[in-house]
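The values are calculated or read from the model by the stated rules, or taken from the named source; none is laboratory data. None of the values given here were measured: they were computed from a predicted structure. We place every Cβ from the backbone using ideal geometry, glycine too, and count neighbours over all the protein chains shown. Heads up: the accessible areas ignore ligands, DNA and RNA and are worked out on the full protein's heavy atoms, side chains in. Shrake-Rupley method; radii C 1.70, N 1.55, O 1.52, S 1.80 Å.
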Amino acid sequence: MARFSFASLIGHALAGNRRWPAQWREAAPQAEYDVVIVGGGGHGLATAYYLAREHGVRRVAVLEKGWIGGGNTGRNTTIIRSNYLWPESAALYEHAMQLWQGLSRALNYNVMYSPRGVMVLAHNHHDVLVGQRHVHANRLAGIDNEWLTPGQVGDFCPILNVSRDIRYPILGAALQRRGGTARHDAVAWGFARGASALGVDIVENCEVVGIDRDATGAVCGVQTTRGPIRAPRIGVVAAGHTSVVMAMAGVRMPLESYPLQALVSEPVKPAMPCVVMSNTIHAYMSQSDKGEMVIGAGTDAYNSYSQTGALHISSHTLEAICELFPVVRRLRMLRNWGGIVDVTPDRSPVVGLTPVAGLFVNCGWGTGGFKATPGSGHVFAHTIATGRPHPVNAPFTLDRFRTGNLIDEAAAAAVAH
Ligand code: FAD
Ligand code: PYC
């Protein structure tokens, strides 16, 4: 019988969702599993789903300290795109893009994937050069991306102010037409329901507070607020808190945590046909299916674990948004919140093995991991099930910070620079 935890319902209410959560089976923790996943965000749930579906590993527990999807998964601005610069990243995000296209059907759950086009604006000569370089690199890698003149930008998004005499004039834009959005909480619920139906235990209100290692140094279980659990394989997918969890196994991570915030307006009739991003001025906008303008800001300047964010950051974003989209000036903002993102030195994720046997890590997605959710779960499940990386995540090792094989995506990673 399906049961819903009180925390789930409160969480959904706080997040402003009026729809009842999907029917996954919330389980009590067992004493032993084949795999424990630490973190019930989209990436952790997707990993569990693909472990069960593609690798037949069904004695899996997803341990979540709060409610599923209550971390960055339920707090992001839902932009999906694969227009990253380097071939390794383009392959990773394109792998996810391919899965997004059939995800609702695969999960039998509408994740509301909407490829309405993502436009990245250029406001100065440097932006134009960087944007055009991305367009060329993407096309060489077989990924759609095209350069638009200011006039074409205005045609694609009529509510944008393309006048030359504004503070942040638009000199052109890169457009990925297959880019778009999906409904974030539906992604968590869809993967949770799919995993649960395959026998995965999803345990909410269960914080991992320790990682146990045996005499050989390999992991052998976790300590949680709901008791100890034995498992020979542990996947850490705890965005924002990865360093804290990995330290429990004695592994030091090259990560910094920052608050990143977003806002939504009161709902209005459809006015915004696409997604518009401005990396230079840290302002992003799309319109949700409920009618809210979904607006994203930049990261705070200082490290923190606070799920809010500094007021001057969102004020700056709203000033820029009002100049770019004069039509929204009189809209009232309904909600403002923050998430905690963990950022690596090269702004690319780490998905793979660790120096500790049986311990795997998936982290460092920074400000841009929502778009990767299905692809990340898919390749991480492969890595955990086989003990080897999938070809797509093979370059995203922890070891690259020792060898120097960095994948520098600072210019493509939206707000993480
Ligand atoms: P999360 O959803 O954060 O899940 C990690 C889970 O681990 C959490 O639920 C947490 O409670 C749990 N956890 C932590 N510690 C423990 C523990 N000790 N024990 C048990 N559980 C634990 N990405 C995009 O691609 N496009 C965007 O437009 C975009 N916009 C963003 C806007 C904002 C405001 C924010 C904050 C992020 C944005 N992102 C975006 C980034 C994206 O949200 C994240 O990269 C992605 O959701 C990470 O998913 P996850 O499943 O790894 O993490
Ligand atoms: O990764 O596209 C992105 C993004 C936009 C805003 C935050 N992240």
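What the table shows:
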| item | result |
| --- | --- |
| Of all accessible heavy-atom area on the stretch 233-368, the percent that carbon and sulfur account for (1.4 Å) | 57 |
| For the chain, accessible area per residue (1.4 Å probe, heavy atoms of protein chains only), Å² | 40 |
| Kirkwood hydrodynamic radius of the chain, Cα pairs, Å | 21.5 |
| Sorted peptide list for 402-411, 213-222, 70-79, criterion being average Cβ within 10 angstrom, highest first | 70-79, 213-222, 402-411 |
| Antiparallel %, DSSP beta bridges [both residues in the chain], to 5 | 70 |
| Within straight-line cross-link reach of Lys65, lysines at Cα separation under 27 Å, skipping those fewer than 8 residues along the same chain | Lys371 |
| The stretch 370-381 - phi-based ³J(HN,Hα) in whole Hz, Karplus 6.51/-1.76/1.60, Gly and Pro as x | 4, 4, 8, 3, x, x, 4, x, 5, 6, 6, 4 |
| Convex hull of Cα atoms in the stretch 85-215, direction-averaged projection (nm²) | 13.4 |
| Degrees between helix 42-55 axis and first principal axis of the chain (Cα, 0 to 90, nearest 10) | 60 |
| Rounded Å value of the spacing that divides the Cα centres of the stretch 159-196 and the stretch 228-277 | 18 |
| Rounded tilt (10° steps) of 125-140 against the dominant C-alpha axis of the chain | 60 |
| Residue with peak Gaussian network fluctuation, the chain [Cα springs, cutoff 10 Å], from Gly368, Gly235, Gly102 | Gly102 |
| Max mean-square fluctuation residue, GNM over the chain, Cα-Cα springs under 10 Å, options Ala174, Ala195, Ala141 | Ala141 |
| Interchain or long-range residues, amide H under 5 Å from Met112's placed H | Arg183 |
| Dipole-positive endmost among Gly44, Ala27, Thr280 within the chain (Cβ charges, Cα centre) | Ala27 |
| Counting all C-alpha pairs of the stretch 136-194, share separated by more than 18 Å (%) | 56 |
| Local electrostatic count at Met246 - Lys and Arg +1, Asp and Glu -1, tallied over other residues with Cβ under 12 Å | 0 |
| Volume per residue of the C-alpha convex hull in the stretch 258-417, rounded to whole Å³ | 130 |
| Around Lys65: net Lys/Arg minus Asp/Glu count, Cβ-Cβ under 13 Å | -2 |
| Directionally averaged shadow of the stretch 54-117, computed from the convex hull of its alpha-carbon atoms, nm² | 6.4 |
| Rg/Rg_ref, the stretch 246-285, where Rg_ref = 2.2 N^0.38 Å and atoms are Cα | 2.01 |
| Loop-located chymotrypsin sites (Phe, Trp or Tyr not before Pro) in the stretch 360-393 whose Cβ has at most 13 other Cβ within 10 Å (DSSP) | none |
| C-alpha long axis of helix 184-197 to longest principal axis of the chain, angle in ° | 30 |
| Formal net charge of residues neighbouring Cys322 (Cβ-Cβ distance under 12 Å; K, R +1; D, E -1) | +1 |
